[in-house]
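Visitor: Sharing a structure, written as structure tokens. Questions coming.
The values are calculated or read from the model by the stated rules, or taken from the named source; none is laboratory data. Remember, it's a predicted structure, so these values are computed and weren't measured experimentally. Side chains are part of the model used for accessible areas, which takes the heavy atoms of the whole protein and leaves out ligands, DNA and RNA. Shrake-Rupley method; radii C 1.70, N 1.55, O 1.52, S 1.80 Å.
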Amino acid sequence: MSVLLIKDDTDSGFEYLGQWNTLSSDSPNVERNTLHSTTEIGASASFTDIQGDAVAVYITVPMCPSTDAVIGRVSIDNGTPEDVRIGCNATAVEDGVAFWSFSKGRLPSSGRHRIVITNQGSVPLQLDSLKFGNFSLTLPTIFSSTPTKTDTSVGTS
């Protein structure tokens, strides 16, 4: 049986360090119609008490030149961080999976975990939600390849 927990960016379990702004969105794809956004390099959002065997970070990629990208660094349980680069597009991409945990969605061990998402670029990192639990992650159609430590392209296919 799959168990999926969704934690919106406004959930009290999030801890934000650095300069973050709360944005409103009328998109049906954005959880609770809010995003937390930052352009400050080094600003971070963390969430403790992730349970299950998989976690996904959902972000919105704002409209920006195709030469730019949202760049983030994600770590779980103070482990080796993974850099994620998601290329921009001529239109905003809402609620895309920016990262899922090591080994295609599996957390390194069972139990409770802490995730830290850190902005590494000047294009706004816009955090929407975390989804975690006991489930298999499926790659959404907005991605042309699996997010990894290298460049990830975003398309509108």
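Visitor: Is segment 1-64 rounded, prolate or oblate when judged by the Cα gyration tensor, a ≥ b ≥ c being the square roots of its eigenvalues, rounded requiring a/c under 1.5 and prolate requiring a/b larger than b/c? Working shown, then result.
Guide: Numbers: a/c = 1.97, a/b = 1.31, b/c = 1.50.
Here segment 1-64 falls in the oblate category.
Visitor: Roughly how many Å² of LEU4 are accessible to a 1.4 Å probe, to the nearest 10?
Guide: 90 Å²
Visitor: In addition: Note the full-extension length gain between ASP49 and ASN21 as 0.36 nm times their separation in residues minus their Cα-Cα distance, in nm to one decimal.
Guide: 7.7 nm
Visitor: For segment 35-85, rounded, prolate or oblate, judged on the Cα gyration tensor with a ≥ b ≥ c (square roots of eigenvalues), a/c < 1.5 rounded, else prolate if a/b > b/c?
Guide: Here segment 35-85 falls in the prolate category.
Visitor: In whole Hz, what ³J(HN,Hα) sequence does segment 81-88 give by Karplus (6.51, -1.76, 1.60; θ = phi - 60°), x for Gly and Pro?
Guide: x, 10, 8, 10, 10, 10, x, 6
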